[in-house]
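See below for the structure under consideration.
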Amino acid sequence: MFRDETATVGLPMRMVVLTIVGMAGLAAMIIFIGDVSLVPKTMHADIVGIDDSTKSSLLHVNNGTKNVTIRVIDVDGEPVVGATVVFYGLHTSASGMTDSNGNARVNINTSSFSVSGEGYLKLLAKASGFVDYKNDFALKVVDS
């Protein structure tokens, strides 16, 4: 039935070449995927205290300027140096940058809040090589 063997001439060589090219492509993909430096790390930010008090994460409207301390750490618990930390919402914003211990001090003017009853300031932390951290309910603000 099939007596024409011209299509099979050189077939083994083509299979070898395609296998080598495929393996080289696969190796390149594995090297690219395995490069950990391309994958950003995760980080977490916590409010350490307000005006050097660790008792609360609550702000009152028209209560002056408050110094909020935030600590930013990576997945291994190590401090994230040089992260930008931003509180925003309720028609205000304030920012700071972490020091060598991963701590940032942000001054928030409580007279600029626009809240009736209660609301929340959002927290955003950004750093090179890290996935952005966001908390939509980071700091409770009450109108008292």
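Total residues in region 107-132 satisfying the condition of being over 16 Å from V80 (Cα atoms) and among the aliphatic types (A, V, I, L, M): the figure is 3.
For (1) part of a helix (DSSP H, G or I); (2) open to solvent by 70 Å² or more (accessible area, probe 1.4 Å); (3) modelled with pLDDT of 90 or more, each residue gets a yes or a no:
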site	(1), (2), (3)
M1	no, yes, no
R14	yes, yes, no
A24	yes, no, yes
S37	yes, yes, no
A45	no, no, yes
K55	no, yes, no
V85	no, no, yes
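Within region 109-144, the set of residues being assigned to a strand (DSSP E or B), free of Cβ contacts under 8 Å to residues at least 60 places away in the same chain, open to solvent by less than 60 Å² (accessible area, probe 1.4 Å) and over 30 Å from E78 (Cα atoms) comprises just one member, G119.
Confirm whether I73 is outside any loop (DSSP other than H, G, I, E, B), of a type in the set (V, I, T), open to solvent by less than 20 Å² (accessible area, probe 1.4 Å) and in contact (Cβ under 8 Å) with a residue 24 or more places away in the chain. In short, no.
The values are calculated or read from the model by the stated rules, or taken from the named source; none is laboratory data. Predicted, not measured: the structure shown is a model, and the values here were computed from it. Because the Cβ atoms are built from the backbone with ideal geometry, glycine has one as well, and the counts that use them run over all protein chains shown. Heavy atoms of the whole protein, side chains included, go into the accessibility calculation; ligands, DNA and RNA do not. Shrake-Rupley method; radii C 1.70, N 1.55, O 1.52, S 1.80 Å.
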